[in-house]
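Data block below; observations after.
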Amino acid sequence: MLQRLMADRAWALPIAGGTVLDYWPDVAAAVAPKLPDHAQAVAFHLDTGQLDLRPGSPG
């Protein structure tokens with residue numbers, strides 16, 4: 001999913017880490033509209049493509 005979003009928006013891979021974190025609300029909303037309200041992107045590991053998320057508190 002993330003790779004498709006990157007391709008759709010023409011994000012370059014070396015810039016993708018910062019872009020994913022900087023634009024997390026837009027990226028998350030493309031996956032699920034309420035996701036930005038429930039999870040925060042905290043790290044992107046360019047070498048593995050892993051995106052670390054922190055869940056929001058319930059309620």
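The values are calculated or read from the model by the stated rules, or taken from the named source; none is laboratory data. Bear in mind the structure is a predicted one, so any value in this text is a computation, not a measurement. Positions of Cβ are backbone-derived with ideal geometry, glycine not excepted, and every protein chain shown enters the neighbour counts.
Contact map, region 29-57: first residue touching a residue at least 24 places away in the same chain (Cβ under 8 Å) and among the hydrophobic types (A, V, I, L, M, F, W, C), second residue in a loop (DSSP other than H, G, I, E, B) and exposed (fewer than 11 other Cβ atoms within 10 Å of the Cβ), Cβ cut-off under 7 Å, separation 6 or more or different chains; pairs are Val31/Met1.
Pick out the one residue from Leu53, Leu46 that is closer than 22 Å to Asp8 by Cβ, over 9 Å from the mean Cα position of the chain (by Cα) and either surrounded by fewer than 16 Cβ atoms within 10 Å (Cβ to Cβ) or among the polar types (S, T, N, Q) (or both).
Checking each option against the conditions leaves just Leu46.
Of all residues in region 27-59, those that are modelled with pLDDT of 85 or more and acidic (Asp, Glu) total 2.
Can you name the residue in region 25-51 that is assigned to a helix (DSSP H, G or I) and of a type in the set (D, E, K, R) and is also farthest from Arg4 (Cα to Cα) among such residues?
That would be Asp37.
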